[in-house]
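Data block below; observations after.
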């Protein structure tokens, strides 16, 4: 079974969804990502869904769930590059993903993630 | 052919000029104050109608929907379209056709006076015929009017969704007129697409031109704001008039989590602060 690769960049994890998501793939991603965050102690997760064209309510919930799970494991999650059609679909489905942070593209998402991690480090000190 | 209108059709054909004269005499009277059509135009239209009517009536039976009546129907379609363009009411347009009955019956009474039974029979047959012609005209008139309205609506939709780039990374959308579902859908799609195209991180929805905000409009606004947030951009709603602020609170609409500003200038200042700030989340 194919899987979505999770790349490590310093203390951040980068997930780029380049294929059509189906339910099994999403569940596998959920498993992989949580264990990877746990293993690596990552402080931030960036999920790039710019190639994702079709979403349903399940997929919307998966995005929200993955983000919630990551934040329980103390990693900030940012979803980047959502297409207009996907955004409209999610809104029409009533999935407003309240806890999920978003950014326009990977660059801005990374910037947001960095500054947010730096801030929390500064606070911890 | 036993369609029951041949006697009348022959009479019309034989006395076409006389009939036209009587009819025009009646038509001119109510039309006198009307500048939209000249007397010559009305005369030409009446003449064409009469000529086509006598041609079609001779050719076939009394079924106006039939094949042989096609030329007359085409004339009536064209006629009602012209009347729509000139701004006539449906009533005036239909009166043109219905007024023909009076002239026609006078002709029957004069020319068929020898046979009262035939007059009655012809009157009935031709009443039905002229009525269906009149109804056809009215329905075409209605369709033409609806086409005009539909076109104007489409124009309005296109006009009402201009997405403006106010500053680097700042888009504005001044909304004018009532927000309904189809308009919001188009507004949302255009705005989201422009956000992707320009990579703007702030979008300002200006509702100065929205006359009323009710729960439905507010829901549409919230949907748009949520979709923008999901894409990773920020949204500011500006141009909220005092009455609208009152309405929103009275209706119990919850706008927490949405940045609102009184006018576009404030919204732009806030947007520029956000885009220039080191941290986009600030």
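Counting only DSSP beta bridges with both residues in the range A:6-124, the antiparallel share comes to about 25 percent. Shielding of peptide A:98-109 by partners, expressed as the average count of other chain Cβ atoms within 10 Å per residue Cβ, is 4.
When B:99, A:71 are arranged by Cβ crowding within 10 Å, least crowded first, meaning fewest neighbours, the order is A:71, B:99.
By DSSP, the beta bridges lying fully in chain B are antiparallel in about 20 percent of cases. For the options B:252, B:134, B:209, a Gaussian network treatment of chain B with springs between C-alpha atoms closer than 10 Å singles out B:252 as fluctuating the most. For the Cα atoms of chain B, what angle does the longest principal axis make with the long axis of helix B:181-198, in degrees from 0 to 90, nearest 10? It works out to around 50 degrees.
Between the helical axis of B:242-251 and the longest alpha-carbon principal axis of chain B there is an angle of about 90 degrees. Is the shape of chain A rounded, prolate or oblate, going by the alpha carbon gyration tensor and its root eigenvalues a ≥ b ≥ c, with a/c under 1.5 for rounded and a/b larger than b/c for prolate? Prolate. Running Debye on the protein assembly as shown with equal point scatterers at the Cα sites and no solvent, what base-10 log of I(q)/I(0) appears at q = 0.10 Å⁻¹? Results for the protein assembly as shown at q = 0.10 Å⁻¹ read -0.75.
Residues B:261, B:165, ranked from the fewest to the most other C-beta atoms within 10 Å, line up as B:165, B:261. Considering helices alone, the calculated mean residue ellipticity of chain B at 222 nm is -22500 deg cm²/dmol, with DSSP H runs of length four and up weighted by -39500 (n - 2.57) and normalised per residue. Helical runs (DSSP H, four residues minimum) scored at -39500 (n - 2.57) apiece and divided by the length of chain A put the mean residue ellipticity at 222 nm at -16500 deg cm²/dmol. Counting only alpha carbon atoms, the long axis of helix B:215-231 and the longest principal axis of chain B meet at about 50°.
Relative contact order of chain B, taken over Cα pairs closer than 8 Å and 6 or more residues apart, is 14 percent. Normalised by residue number, the volume inside the convex hull of the Cα atoms of the range B:164-276 is 87 Å³ per residue. Note on chain B: percent of Cα-Cα distances in each 5 Å bin, starting at 0 and stopping at the bin with the largest distance, equals 1, 5, 10, 12, 11, 7, 5, 4, 4, 5, 6, 7, 7, 6, 4, 3, 1, 1, 0, 0, 0.
Counting Cβ atoms of other protein chains within 10 Å of each Cβ in B:217-226 and taking the mean gives 2. Which percent of Cα pairs goes in each bin when the distances of the range B:6-157 are cut into 5 angstrom slices starting at zero? Using 5 Å bins, I get a P(r) of 2, 9, 18, 21, 20, 13, 9, 5, 2, 1, 1, 0, 0 for the range B:6-157.
FYI, it's all coordinate maths here, none of it is from the lab. Computed from a prediction, not measured in an experiment: that's the story for all the values here. Cβ atoms come from the backbone with ideal geometry, glycine included; neighbour counts cover every protein chain shown.
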